[in-house]
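I have placed the structure first, in the form of structure tokens, so that the comments after it can refer back to it.
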């Protein structure tokens, strides 16, 4: 609900507007629009007033943006002439269901990928295919291997839709070759999450073509990267989904090994799902054995599969099931000596009283994330096409996202960028926009920030550092890294200030890399401050990093790592610190002893 | 800074401290009587286990190691006074004692004690037995390796226990006895097959990597690969083994070697049982008469590539590696060098299954890729290497790559390779019909399906045919 000041401000704004003082009204509405958390109906009223003020001032473009924010697309479209503001016009047309028209305008203004997507949304598969072919031939893709791979992938899907299987196969093959090479390159450069995006596309490619090998490649490498980033729930969601897919495709052996890996992972990271996956592994190994037998496959493979099932069952503690599996093993046409042994073991284990089974919860639905599978083959291509143009990115953001505080912040940034006083060449304008962009906590905002960083004025680049410090994505560190070595001291200073702000679990790996690569003590201290915050948020991996630093380093660097550790607590942290302490002698042991005393303090009792 | 211990001294201090801490736990040992030599042996096993990531209390390594290795002898045994134990932790120790008796009475102990068990094999078996329990125990251990010799081994155990409270080990013993059935079940699972594998690779001078050995025994796939290739090997070798068909003469033979043509096998090798003969063939233990190598044989190079990427996960991996192993042996018998390498996004180091089978076979069986795939780069690098081998060394190269049905190699690269070498592709269990634009450029293509690998005699002939054709390139 608006407070009394806001109500009063709105009244003043309306009076000013009625009295023909549009500039004054706009200033008052601008103040109101800063309260982006306000409940929708009231905010919309202010936005509507701002639109009216803009119109009264003849600033039709900004009025159009306000109407976009209000979802009044037909009205908004009137203020975006197709020849002058083609993207905005097309966005409105798309929302009005005019996909063909939107596509035509987008195609004509150098956005063939967006045009293709509009055509697909309108069901025009054949025409969409033509647009995708234009994308593939676009000269802007030169030296952009990742985007080129995405373009081929989208073309391949388009060709499948029009039943051109030969063409689709060629395009998928081209995409596959490029994706593998690009993923490898990203991993070599340490850009793990970009490699992950490649594997996501490969996964989708595999499913689209029914090629299990590519699905396996996509899932297993994706899991590897997520596990290294300590993204436990994403890892398990991927394991779970890959397991289901392998079963669906009757890849029993692969499914069994995946289940076993999921169990081992779950146990290793302290989650509760190991027993569930052990049970699945046992079932699937047994299934593999039976299917192999039924298909007349090599006998020893069946026997070994039963052994693997028994192994999983032993870890589970289900000995009667062990016995039943030994009994099946004994039925195989193996040498008599082995069969006798297995029969004896079957009798012994089947006679064991069942243990009270511990609960074996499976990975629950509420831990699944809808964001686990992003359509990066679309999103990243759109990013390439928009090339970091702030108004284009922001306009699309406002239209495509649900109305909430984030889109309102994006709209404010958009209005700043489209003000008649805004000039991309002006350092002050660029700086104001950078700060406004930084208030939009979203991955898509990084590309306009990266473009603004190319500004010749240090003031603008410094503001980019302030902006990016609010966007918690791994990619934000790419910009910060550039800022740290910027020739302008003011920019480097802001980059340094940005580091402690970027504290989130995904950020641990890039933070650790910056720490290891930098010889500048100020940078290292700033990084440790950030890692300390990540540790405080519950990341044991961050605790390990701090421990390592406390053991190996000296001086102020050790001091800040120790201080970060001393503010933590909990049994796991205490255990880790004690283990590290026990392994040391001399001065290092004393340092860790002091830390241990600090973390192993009694907390206030609740009961 | 002067006066500060250097890192070597610190390491020594840590090692001694850890040794005392661990030896103190031997007050809980249930093996009587105890000797310092047992402590030294147990420390060696402990170090091997620590390399595998398992830091168990030394008392468990000591007692179980002695049981498994047959080191107790007739004069010693596990105590039988469980109820009379008067020490701290007596209930746990009584159950621990009972568990040791059950271990001692297990069927597999007799098999293990029948022939000397090397330390690395013992460590691997202990790791398999206690791995589950270790995972569920918060190990308070340090990072030091125990010294192999130290006056500490001679110290009185009780005195050590008074100086270094061994109570921490009771936590593990508690877990151990709680999971007794699982431990005994693991013991029951130790099969002749696993022992056979360990025996193949844990020989004098074998130098197999410990972690590879552990993975070998722990992963279902490793045994499958050996079993699958052993299924094929007898047929590869048996037609050459009929003694009546062979005539040997010392004249013309200059030496006795470990590699050679089957026609040059020493007569004594033919006397072995089939099982032993095949195992010796697999680990390159057969002896051959050697003679002057022909120029053709020395120029010949069989280059085998095995796809190790995640795409091979499942049955594909087993069949690919089993075929590779069998093919490598077959090609070795034909003469010429055989190089085998895994590939994913890179070409991995060569495995020499000819000259260093014991060292490299575990790697073949348990190798796991840690990267994605990049076939353009791999085969591009290969083209450069093979070009050099052909041009500069005059080698006559046959390249066989074993992979899956979605292996996309750029066509120009395949054309370059095909101009340099005989090129054979073996595609294992493709999930869809092969649709690769470079297939016509290969000199030979084999598609391995599940039915071609089935166990009936006529189906096995198909697998052998694949190998024969690949080897005849």
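We did not get these values from a lab; they are worked out from the coordinates using the rules stated. Just so we're clear, the structure is a prediction, and the values are computed from it rather than from any experiment. In this analysis, Cβ positions are derived from the backbone assuming ideal geometry, glycine residues included, and neighbour counts consider all displayed protein chains.
Between helix A:489-501 and chain A there is an angle of about 50 degrees, using the helix long axis and the longest principal axis of the Cα atoms. When A:314, A:60 are arranged by Cβ crowding within 10 Å, least crowded first, meaning fewest neighbours, the order is A:60, A:314. Peptide B:311-322 is shielded by partner chain Cβ atoms: per residue, an average of 6 of them sit within 10 Å of its Cβ.
Full extension of the segment from residue A:11 to residue A:264, taken as 0.36 nm per residue of separation minus the current Cα-Cα distance, would add 84.7 nm. The mean sequence separation of alpha-carbon pairs under 8 Å and at least six residues apart, normalised by the residue count of the stretch A:252-364, gives a relative contact order of 25 percent.
Taken along the Cα-to-beta-carbon direction at a fixed 7 Å, the label points for residue A:375 and residue A:36 span 2.5 nm.
Axis angle, to the nearest 10 degrees, between helix A:555-566 and the longest C-alpha principal axis of chain A: 70 degrees.
Taken along the Cα-to-beta-carbon direction at a fixed 7 Å, the label points for residue A:459 and residue A:244 span 5.5 nm.
Order the peptides A:539-546, A:403-410, B:408-415 from the highest to the lowest mean number of other Cβ atoms within 10 Å of their residues.
Top of the packing list down: A:539-546, A:403-410, B:408-415.
Each of A:267, B:305 was scored by other Cβ atoms within 10 Å of its Cβ. Arranged with the fewest first, they read A:267, B:305. What is the angle, in °, between the Cα long axis of helix A:508-517 and the longest principal axis of the Cα atoms in chain A? Nearest 10 is fine, range 0 to 90. Roughly 80 degrees, rounded to the nearest 10.
At R0 = 45 Å, how high is the FRET efficiency between residue A:137 and residue A:601 if r is their beta carbon distance? Nearest 0.05 is fine.
It comes out at approximately 0.10.
Does the stretch A:372-476 classify as rounded, prolate or oblate by the C-alpha gyration tensor (a ≥ b ≥ c root eigenvalues; a/c under 1.5 gives rounded; else a/b over b/c gives prolate, otherwise oblate)? Cα axes put the stretch A:372-476 in the prolate bin. Inter-chain neighbour count for A:574-586: the average number of beta-carbon atoms from partner chains within 10 Å of each residue's beta-carbon is 4. Is the protein assembly as shown rounded, prolate or oblate when judged by the Cα gyration tensor, a ≥ b ≥ c being the square roots of its eigenvalues, rounded requiring a/c under 1.5 and prolate requiring a/b larger than b/c? Judged from the Cα gyration tensor, the protein assembly as shown comes out oblate (a/c at least 1.5, b/c at or above a/b). Shielding by partners for peptide B:14-27, expressed as the average number of C-beta atoms from other protein chains within 10 Å of each residue's C-beta, is 1. Of all DSSP beta bridges confined to the protein assembly as shown, the antiparallel ones make up roughly 25%. Once the Cβ-Cβ distance of residue A:347 and residue A:121 is raised to the sixth power relative to R0 = 60 Å, the FRET efficiency obtained is 0.40. Ranked for footprinting exposure by Cβ neighbours inside 10 Å, fewest first, B:145, A:213, B:111 give B:111, B:145, A:213.
Shape class of the stretch A:252-364 from the Cα gyration tensor (axes a ≥ b ≥ c, square roots of the eigenvalues): oblate, since a/c reaches 1.5 or more and a/b does not exceed b/c. On the beta carbon distance between residue A:359 and residue B:174, with R0 = 35 Å, the FRET formula returns roughly 0.95.
Simple spin-label estimate for residue A:572 and residue A:493 gives 4.0 nm between the two label positions (7 Å along the Cα-to-Cβ direction from each Cα).
Computed on the stretch A:516-607, with alpha-carbon pairs under 8 angstrom and 6+ residues apart, the relative contact order is 25 percent. Using a cutoff of 8 angstrom between alpha carbon atoms and counting only pairs six or more residues apart, the relative contact order for chain A works out to 7 percent.
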